[in-house]
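Here is the structure we will look at, set down as structure tokens.
None of the figures in this text is laboratory data; all of them are computed from the coordinates on show. The shown structure was predicted, so the numbers you read here are calculated from the model rather than taken from an experiment. Neighbour counts are summed over all protein chains in view; Cβ atoms, including those assigned to glycine, are modelled from backbone coordinates with ideal geometry.
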Amino acid sequence: MKQLLLLVIICFWSCKNETTQKKEATTTIENSPQSETTMEDDYDLAIYDYDGLKPLINKKDKNVHVVNFWATWCAPCVKELPYFEAVNEKYKEDGVEVLLVSLDFPKKYDSALKPYIKKHNLKSQVVAFDDTDQNRWIPEINKDWSGAIPATIIYKGNERKFYEKSFTQEELETEINKFLK
């Protein structure tokens, strides 16, 4: 529980200077079925624990994969989402695949995440990540990751870069183009 509280504090701290939005600091992550599930609603949302997410963030093919960790309550995350949507559209024919991994709290899926996806008509693949064992998955995603968001992985084959930062669209395209060459 202390680690969960630390993760929440780190995530809010990373967003603190760029938001005036109300944050849900007291929300806790509830235990839910681990592995992929689909919520019954008019929007199907795949929910993964780390074991389920791991194959999605470690594909061995010829595509460039862009994986962004974000949440609806994180202002810098929300600010950069249109850039990920733009590169998803612009570079789709070049073999770029964008995956948006939401770190929203499970009890906010119906009230915040799904409405956000619908309202902004997100075309990139969006999945929810629900795994309370952050001591396991944070260092497995990247050994230097503090757990703050936004965070992004760009990879192709064995080449992989991790970014614990916000992007402008130009910066994001510059990084993607390094993998396309």
Assuming VAL101 fulfils every condition listed in (1) touching a helix residue (DSSP H, G or I) at 6+ places or on another chain (Cβ under 8 Å); (2) without any contact (Cβ under 8 Å) to a residue 24 or more places away in the chain; (3) not charged (D, E, K, R) apart from one, which condition is it? (2)
Given the residues GLY95, GLY157, GLY147, which is the only one that is small (Gly, Ala, Ser), farther than 18 Å from LEU45 by Cβ, buried (at least 19 other Cβ atoms within 10 Å of the Cβ) and touching a residue at least 24 places away in the same chain (Cβ under 8 Å)? GLY147
Do we find a residue being in contact (Cβ under 8 Å) with a residue 12 or more places away in the chain and over 14 Å from the mean Cα position of the chain (by Cα) anywhere in region 73-81? no
Could you tell me which of the residues LYS114, LYS123 is in contact (Cβ under 8 Å) with a residue 12 or more places away in the chain and either more than 15 Å from the chain's Cα centre (by Cα) or in a helix (DSSP H, G or I) (or both)? LYS114
